[in-house]
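S.K.: Once you've had a glance at the structure underneath, I'll fire off some questions.
Nothing in this text is a laboratory measurement; each read-out follows from the coordinates by a stated rule. Since the model is a prediction, treat every value here as computed from it, not as a measurement. When we count neighbours, we look across all protein chains shown, and the Cβ atoms used for this are built from the backbone with ideal geometry, even at glycine.
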Amino acid sequence: MSLIIDTEPAPLQTDADGVVRVGGARVTLDTIVIAFQQGATAEELAQQYPTVPLSNIYAAIAYYLRHRDEVEAYLEEGKRQGDLLRQKQKTNRDQQEIRNRLLARRSSSR
């Protein structure tokens, strides 16, 4: 009996926001890769994220290992966008606090 070798596509899908998810679950590639980089095993990840089959976790890790530069660039871009969003939220919060103080002064001077 001979073993039939076929290639299967990685169980990764990009959602409407450009986020890569694993196996149709809500778990992101970022989550799997970062946990793997921090020493988590595929089995630990499968226990932590039961909606993702172990085979999909292994496939996501294998994809990362084969496409390390592209995945690292994707992770870095996500981090950069997150930093920009946090800065924008902080600016909006700061502006709201200034507005609230000005309104409080205005109403106390009447």
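S.K.: List ILE5, ILE34 from most exposed to least, where exposure is judged by having the fewest other Cβ atoms within 10 Å.
M.R.: Exposure proxy ranking, most exposed first: ILE5, ILE34.
S.K.: Sorted from largest down, what three extents in whole angstroms do the Cα atoms of the range 69-110 have along their principal axes?
M.R.: 62, 5, 5
S.K.: Moving on. If I model the range 1-66 as equal point scatterers sitting on the Cα atoms and use the Debye formula, what is log10 I(q)/I(0) at q = 0.23, 0.29 Å⁻¹?
M.R.: -0.93, -1.35
S.K.: Compare GLY23, GLY78, GLY39 in a GNM of the chain, Cα atoms joined below 10 Å, and give the one with the largest fluctuation.
M.R.: With Cα springs under 10 Å in the chain, the top fluctuation among GLY23, GLY78, GLY39 is at GLY39.
S.K.: In Å, what Kirkwood hydrodynamic radius results for the chain from the alpha-carbon pair distances?
M.R.: Across the chain, the inverse of the average 1/r is 17.0 Å.
S.K.: Right, another one. Quick one: length gained pulling VAL19 to ASN100 fully straight, 0.36 nm per residue minus the C-alpha distance?
M.R.: Details: separation 81, 0.36 × 81 = 29.16 nm, distance 3.59 nm.
Length difference between fully extended and current span is 25.6 nm.
S.K.: Given labels modelled 7 Å from the Cα in the Cβ direction, how far is it in nm from THR51 to GLU76?
M.R.: Label at THR51, label at GLU76, 3.0 nm between them.
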